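The values are calculated or read from the model by the stated rules, or taken from the named source; none is laboratory data. Note that the coordinates shown come from a computational prediction; the quantities given were computed from them, not determined experimentally. Here Cβ is always computed from backbone atoms with ideal geometry, including for glycine, and neighbour counts include all displayed protein chains. In case anyone asks, the SASA skips ligands and DNA or RNA and just uses the protein heavy atoms, side chains included. Shrake-Rupley method; radii C 1.70, N 1.55, O 1.52, S 1.80 Å.
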Amino acid sequence: MHPIKHFITITKHRHKVMLGCFRVGLIRQGLCHDLSKYGPTEFWQGARFYQGTRSPNAAARERYGYSTAWMHHKGRNKHHYEYWTDIPPGKHTYEAVPMPTRYLVESVMDRIAASKIYKGASYRPGDELAYLLHARESTMIHPETYEKLVWLLTLLRDRGEATTFRFIRRVVLKEVPFEAWQRSLDQLA
């Protein structure tokens, strides 16, 4: 049980997401990011399974086959693609729906912050993309959301944080259609 270490880790993560959100203009989302992690359902399981190098939810899954903290978290935080499922009209099963742009951007900031926290000094831009591709999340995320996420994380890997954040601020959050992103990037340079 490591409540202090867990508190420090989630607070560092939250502050990194907050700074990223602020840099692209998502002030409210930055301030409200991951507040549910401080509630008892998420906090105590995180403290119990704290390791410092990966999410405590992974260790809880290994022990129980699921993570109650994660189940709680994904249902309350719109920057997780798992939140974005619904039953389309005329169907009888849940399907992924596209993430709204501002939550997609917050998800990018979340992935950057998580990679920096868990990788520490060995962090490199591109770790986020490698994790996404390795995790095989594409079967559970809406194809449009996945394509945009891969595009942005590839931009991060290839051009760095400053260019990616400027692109997000000037193009993505202005709701420029996805088909025009490459052309917009070329004009931005």
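Odds and ends about this structure:
- Unique match (being open to solvent by 50 Å² or more (accessible area, probe 1.4 Å), among the charged types (D, E, K, R) and either free of Cβ contacts under 8 Å to residues at least 24 places away in the same chain or over 27 Å from Arg54 (Cβ atoms) (or both)) among Arg169, Arg157: Arg169
- Check on Tyr38, more than 21 Å from Arg169 (Cβ to Cβ), in contact with a helix residue (DSSP H, G or I) (Cβ under 9 Å, 6 or more places away or on another chain) and at pLDDT 95 or above: yes
- The residues of segment 66-119 that are outside any loop (DSSP other than H, G, I, E, B), of a type in the set (A, V, I, L, M, F, W, C) and free of Cβ contacts under 8 Å to residues at least 40 places away in the same chain, listed by number, are Ala69, Trp70, Met71.
- Selection status of Ala130, small (Gly, Ala, Ser), in contact with a helix residue (DSSP H, G or I) (Cβ under 6 Å, 6 or more places away or on another chain) and assigned to a helix (DSSP H, G or I): no
- The lone criterion from (1) in a helix (DSSP H, G or I); (2) modelled with pLDDT of 95 or more; (3) open to solvent by less than 30 Å² (accessible area, probe 1.4 Å) left unmet by Thr9 is number (2).
- Residue within segment 102-111 that is touching an Asp or Glu at 6+ places or on another chain (Cβ under 6 Å), surrounded by 20 or more Cβ atoms within 10 Å (Cβ to Cβ) and within 17 Å of Thr164 (Cα to Cα) present: yes
- Check on Val176, touching a helix residue (DSSP H, G or I) at 6+ places or on another chain (Cβ under 8 Å), within 20 Å of Met18 (Cβ to Cβ) and open to solvent by less than 50 Å² (accessible area, probe 1.4 Å): no
- Residue that is least open to solvent (accessible area, probe 1.4 Å) [pool: residues in segment 23-65 that are part of a loop (DSSP other than H, G, I, E, B) and of a type in the set (Phe, Trp, Tyr)]: Phe49
- Hits in segment 116-131 - residues which are of a type outside the set (Asp, Glu) and surrounded by 14 or more Cβ atoms within 10 Å (Cβ to Cβ): Lys116, Ile117, Tyr118, Lys119, Tyr123, Pro125, Gly126, Leu129, Tyr131
- Residue in segment 91-146 that is modelled with the lowest pLDDT, counting only those that are polar (S, T, N, Q) and within 15 Å of Val17 (Cβ to Cβ): Ser115
- Residues (out of contact with any Phe, Trp or Tyr (no Cβ under 9 Å at 6 or more places or on another chain) and open to solvent by 50 Å² or more (accessible area, probe 1.4 Å)) located in segment 132-154: Leu133, His134, Arg136, Thr139, Pro143
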